1. Check off (1) part of a helix (DSSP H, G or I); (2) touching a Pro at 6+ places or on another chain (Cβ under 8 Å); (3) of a type in the set (A, V, I, L, M) for Ile65 and give me the number that stays unchecked.
2. Out of everything in region 373-410 that is β-branched (Val, Ile, Thr) and open to solvent by 10 Å² or more (accessible area, probe 1.4 Å), what residue ends up being farthest from Gly474 (Cα to Cα)?
3. Out of all the residues in region 236-271, which are touching a helix residue (DSSP H, G or I) at 6+ places or on another chain (Cβ under 8 Å), open to solvent by 10 Å² or more (accessible area, probe 1.4 Å) and more than 17 Å from Tyr470 (Cβ to Cβ)?
4. Which residue pairs have Cβ atoms closer than 9 Å, lie 6 or more positions apart in sequence or on different chains, and pair a first residue in region 308-325 that is part of a strand (DSSP E or B) with a second residue that is of a type in the set (Ser, Thr, Tyr)?
5. Among the residues of region 426-480, which ones are open to solvent by less than 10 Å² (accessible area, probe 1.4 Å), aromatic (Phe, Trp, Tyr), touching a helix residue (DSSP H, G or I) at 6+ places or on another chain (Cβ under 9 Å) and assigned to a strand (DSSP E or B)?
6. Within the set of pairs 6 or more residues apart or between chains, which connect a residue that is part of a loop (DSSP other than H, G, I, E, B) inside region 402-418 to a residue that is open to solvent by 50 Å² or more (accessible area, probe 1.4 Å) with Cβ atoms less than 6 Å apart?
7. Of the residues in region 72-95, how many are more than 20 Å from the chain's Cα centre (by Cα) and open to solvent by less than 50 Å² (accessible area, probe 1.4 Å)?
8. When you go through Val390, Val396 one by one, which is the residue that is more than 30 Å from Val80 (Cβ to Cβ), touching a Pro at 6+ places or on another chain (Cβ under 9 Å) and aliphatic (A, V, I, L, M)?
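The values are calculated or read from the model by the stated rules, or taken from the named source; none is laboratory data. Note that the structure is a prediction, hence the values are computed from the model and not measured. Heads up, the Cβs are rebuilt from the backbone with ideal geometry, glycines too, and the neighbour counts pull from every protein chain shown. Remember, those area values only see protein heavy atoms, side chains included, never the ligands or the DNA or RNA. Shrake-Rupley method; radii C 1.70, N 1.55, O 1.52, S 1.80 Å.
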Amino acid sequence: MATSTINIGGRKKREQYLFLIIFLCTCTIFFQSFSLSVEAASNSGGLKYTRHNSKQVSSLRLQRIEKRLNKINKPAVITVQSPDGDIIDCVHKRKQPALDHPLLKNHKIQKEAPERPKAMKMKMKHTNDKDEGINNNNGDEAAPAVEGKGKEGAWVVQQMWHRNGTRCPRGTVPIRRSTVDDVLRAKSLFDYGKKKQHQPPNNFNFNNNLTADLAARRTDAPDVVSGNGHEHAIAYTGSLQELYGARATINVWTPSIEQANEFSLSQIWVLSGSFDGSDLNSIEAGWQVSPELYGDNSARLFTYWTTDSYQATGCYNLLCSGFIQTNSRIAIGASISPVSSYASDQYDVTILIWKDPKLGNWWMGFGDNTLVGYWPAELFTHLAEKATMVEWGGEVVNARANGEHTATQMGSGHFAEDGFGKASYFRNLEIVDSDNSLSSVRGVSTLAENTNCYNIESSYNNEWGTHFYYGGPGKNSLCP
């Protein structure tokens, strides 16, 4: 009896196992059929997904991204692989993205060299200065380095893609190639390559939060007093002036970025228009560290422009049509090196933005005499005539992850009072007047929203003219 019971139990178990095998096979066939149907649907524009850097991307979105990239990435004459991973395409200058702009359909690239601003004698003095060391002036100021060199004589205008010795041929311009992953890091396809629009907080009380001078400046700089987590340490000219450009030499660092969607930059703003409306015109250039835009933490040369307060027009670098590049050696958006080190070698770059008095285009200069390209006058409304304000300084995005202030650094990550070799600086602040002459800025105002996080201190001497130190670490015991 016991043996019979065992046999019956074994038969039941075998039947259960057989049923389970049949069930699993049925499920496998079903899921295979379902997968084939999904794939078939995707081939007609539906549900197929591809992975990019751990992101699942639909075929439809990929199609839209590739369509956008085809407008940005023009056919290359030759391609250069940079040591930092960038791909630089040497594109025929008449095929560059700028000329796709509807306002530039009949634009002919300016061949005539722009009339350069006339420099003051004081500038010539320090340009030829033989002293390249960190020589203290009055105990806390340093003599400027020879333009283009650090204290050991290393050139600062070098870009990483130059290191393998390849250059773009004459008649072409170097353009950093954009990738699918670059676009996927942005919030959306529309947001790729654009700054976020800034608005002051609704409950911001200028009388309680700022001095009378800053309160008066409320209508002059929405890009400075912002409610979208942007913080600044800047110097600026008075409003309603007639300005035709600006120049400064900017200390270069690689500030650390806490969140991938944050950035830290140092730049010049040339501005005109309604600062509290939707028609602000802005031309910008400097260096930035932006993991979201570039996918790394390198310091990179950048440009920006807008004619509608950062709403729809304009973009960074050459990520939309507009800025016309003329130089075959400088790639906008490419990394620059070497960079400064704490209490060691200091490196800086000189940037000049000015309006050509003959043709009205806004040109960008890099270093002593290098012309990078220009923003055509046709792009602008207010800046088609002149600028009314210039700003110099640093900006960071404070995403306030976990409700705390970001630890993203501005400048070197050290406060202004730490001085040369430790804090970042802007030196030789100058403006271009109606006679196309450069003159040292006197009496600039300064602004920092939260001096416990980032601050700024300006000064003047015969070597550096008007200059300032700025920056900070962000989150600390006084900046929670």
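1. Against the list (1) part of a helix (DSSP H, G or I); (2) touching a Pro at 6+ places or on another chain (Cβ under 8 Å); (3) of a type in the set (A, V, I, L, M), Ile65 comes up short only on (2).
2. Going through region 373-410, the residues β-branched (Val, Ile, Thr) turn out to be 381, 388, 390, 396-397, 406, 408.
Those still in the list that are open to solvent by 10 Å² or more (accessible area, probe 1.4 Å) too: 381, 388, 397.
On the way: Thr381: 37, Thr388: 31, Val397: 10 Å.
Checking each candidate, the answer is Thr381.
3. Ser239, Ile257, Glu258, Gln259, Ala260, Asn261
4. Tyr316/Ser290; Tyr316/Thr303; Tyr316/Tyr304; Ile324/Tyr374; Gln325/Tyr374
5. Answer for region 426-480, where residues must be open to solvent by less than 10 Å² (accessible area, probe 1.4 Å), aromatic (Phe, Trp, Tyr), touching a helix residue (DSSP H, G or I) at 6+ places or on another chain (Cβ under 9 Å) and assigned to a strand (DSSP E or B): Phe468, Tyr470.
6. Within 6 Å, the pairs are His405/Lys475; Thr406/Glu258; Ala407/Glu258; Ala407/Lys475; Thr408/Glu258; Gln409/Ser256; His414/Lys422.
7. So in region 72-95, the residues more than 20 Å from the chain's Cα centre (by Cα) come out as 74-81, 83, 90-95.
Checking which are open to solvent by less than 50 Å² (accessible area, probe 1.4 Å) leaves us with 74, 76, 80, 90-91.
Qualifying residue count for the region: 5.
8. Working: Val390 fails: touching a Pro at 6+ places or on another chain (Cβ under 9 Å).
Every option except Val396 fails the conditions.
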